[in-house]
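Readers should treat all values here as calculations from the given coordinates under stated rules, not as data from a laboratory. Predicted model, so just to flag it, every value in this text is computed and none were measured.
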């Protein structure tokens with residue numbers, strides 16, 4: 001398992017539209033990826049779980065992945081979050 005801490009830069013946070021883009025992206029990754037915020041953990045391929053995180057701009061997120069390609073998946077997820085727009 002690999003983990004990486006990132007800051008959410010999306011001005012509107014992780015609301016419905018960016019969350020749905022994130023879900024579509026996560027489903028293409030080779031392993032299961034997770035995002036944790038304020039003690040809540042969500043599967044990155046579940047829009048309901050992502051919305052329940054309540055992540056806003058400036059939120060500290062912990063990205064993690066487990067399985068084949070976990071390092072690559074976390075790097076790609078980090079890159080995606082950096083360009084995600086609200």
Notebook entry, point to check: So which residue, out of 26, 43, 52, gets the largest mean-square fluctuation from a GNM of the chain using Cα contacts under 10 Å as springs?
Noted result: 52
Checklist line | Folded to 0 to 90 degrees: helix 16-27 orientation relative to the chain principal axis, Cα | finding: 0 degrees
Check: Using the C-alpha atoms of the chain, what convex hull volume per residue, in cubic angstrom, is computed?
Finding: 70 Å³
Notebook entry, point to check: Hey, what angle do you get for helix 70-83 against the long axis of the chain, alpha-carbon based, 0 to 90 degrees rounded to 10?
Noted result: 20 degrees
Check: On full extension of the chain, what length is gained from residue 40 through residue 24, given 0.36 nm per residue of separation minus the C-alpha to C-alpha distance?
Finding: 3.7 nm
